[in-house]
Amino acid sequence: MTVNLEDYFRTTFEDKLLVKMPDREDDHLTPATRLLEKRREMAEVEQALAAQKEEFQMKMESLQQRREELERKEYQLKESLLKFDKFLKENDSKRARAVKKANDERELKRQKDKEIDRLEEEYKALTNQKNKLQKKLENYTGFHLYMEKVLEAGEEFHELRDIIARWDTLTATHQDLLERDQENQEVIEKQRQNLMRYMEEKDNEILGYNNKLSGLQTQLDAAQSESVKWESMWNHIKNTAAKKTLVLGRIKMSTHNLYQLVKKHQKQAEAAEETIEQLTQIQTFVQDLAQITTEIKKMELTGTSIVPPSSS
């Protein structure tokens, strides 16, 4: 912790530095006496300051020693903490190594136990195989004696291996014949299945063609019936079209005659070629004529004379 030494010593020695002098009666002293008195006071103050300075120096040395002692103890404490931390880390490392070693040893023991169990099982299996082979050997001993007797009685074979080779040849030939027969049976069965599948496919194909033929015949009958119906409708349409064409021609002729009458009444030389336009003008003329007739009837009822329009 940092301490403001200036404030500390000012507070501590402020009262000691101020030396209170006794009150004197200076009125009757000469200037020389006052000067001596002042010098004496200065000497006393300097002496007090020297004593206080020495005391201050001693306290500073004591504080410095205490500070160095605290720093040394702090350093020792840090060293102790570092050593203790190192000890803890080493202890943790040793404990971790010990735990790992114990786990490794347990794993190794487990593997060894498994290896022992496997070897015991293998030993049991080999023992059983040995017993079986021993029993088989005991059972085959009679066959061996029989083959030796056959070899002594026969002249075709000279050693046991010749008999065994002949047996192996016959067995292989028999096995080959069995395999060939099996293959031939499989080929025959496969061909039979293919034939049945082919016949079934052809029957289904014939049945499909028959169904298709029946459907086409039905469509043909429907098409023929539809053709008769449409032919009758076409004849009806042609007859109707002929009648309507005749009616249309009569309508056009009548329209043209009416139009000619309207134009003659209107004393106009213009002529429209289209029937629709002729009908429009006829309609306009009829509407005008109907309006004039209505006005004439109103005038007759009211007694108003009719004034003919002046021609321009």
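The values are calculated or read from the model by the stated rules, or taken from the named source; none is laboratory data. All of these numbers come straight from a predicted model, not from anything done at the bench. Cβ sites come from the backbone with ideal geometry, for glycine too, and all protein chains shown count toward neighbours. Side chains included, ligands, DNA and RNA excluded: accessible areas come from the protein's heavy atoms. Shrake-Rupley method; radii C 1.70, N 1.55, O 1.52, S 1.80 Å.
So what's the projected area for region 213-302, the Cα convex hull averaged over all directions, in nm²? Let's see the in-between values first.
Numbers: hull surface 42.3 nm².
About 10.6 nm², averaged over all directions.
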Rounded to the nearest 10 degrees, the helix 5-17 long axis (Cα) sits at an angle to the longest Cα principal axis of the chain of 40
Under a Gaussian network model of the chain whose springs join Cα atoms within less than 10 Å, the largest fluctuation of Y198, Y75, Y146 belongs to Y75
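What Kirkwood hydrodynamic radius do you get for region 114-255 when you take the inverse of the mean 1/r over all pairs of distinct Cα atoms, in Å? Please report the intermediate quantities before stating the final value.
Working: mean 1/r = 0.0376 Å⁻¹.
Computed over Cα pairs of region 114-255, the Kirkwood hydrodynamic radius comes out at 26.6 Å.
Which FRET efficiency value, to the nearest 0.05, do you get for T302 and L248 by plugging their Cβ-Cβ distance into 1/(1 + (r/R0)^6) with R0 = 51 Å? Spell out each step's value before the answer.
Values: r = 46 Å, r/R0 = 0.90.
Taking R0 as 51 Å, the efficiency between T302 and L248 is 0.65.
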In deg cm²/dmol, rounded to the nearest 500, the helical mean residue ellipticity at 222 nm of the chain, built from -39500 (n - 2.57) for every DSSP H run of length 4 or more, is -33000 deg cm²/dmol
Of the residues L81, L160, L151, which exhibits the maximal mean-square fluctuation in a Gaussian network model of the chain defined by a 10 Å Cα contact cut-off? L81
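Would you mind giving the three semi-axes, in whole Å and largest first, of the ellipsoid equivalent to region 59-128 according to its Cα gyration tensor?
Details: eigenvalues 866, 3, 3 Å².
Semi-axes, largest first: 66, 4, 4 Å.
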Test of understanding: in a Gaussian network model of the chain with alpha carbons linked when under 10 Å, which of I116, I292, I206 would top the mean-square fluctuation ranking? I292
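Rounded to the nearest percent, how much of the accessible area of the chain (1.4 Å probe, protein heavy atoms only) is carbon and sulfur? It would help to have the intermediate numbers written out before the result.
Values: 16590 of 28810 Å².
Here it works out to 58 percent.
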For region 87-150, which semi-axes, largest first and in whole Å, follow from the square roots of 5 times the eigenvalues of its Cα gyration tensor? 60, 7, 4
Cα-based Debye curve of region 247-300 sampled at q = 0.13, 0.16, 0.17, 0.28 Å⁻¹ gives log₁₀ I(q)/I(0) of -0.38, -0.53, -0.58, -1.08
As I understand it, the value is the acute angle between the Cα axis of helix 275-302 and the longest principal axis of the Cα atoms of the chain; what does it come to in degrees, rounded to 10? 80
Distances longer than 24 Å among the Cα atoms of region 49-180: what percent of all pairs is that? 75
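Per residue, how many Å² of accessible area does the chain show with a 1.4 Å probe?
On the way: 28810 Å² over 312 residues.
Normalised by residue count, the accessible surface of the chain is 92 Å².
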Output needed for the chain: three equivalent-ellipsoid semi-axes, defined as square roots of 5 times the C-alpha gyration tensor eigenvalues, in descending order, whole Å. 131, 101, 13
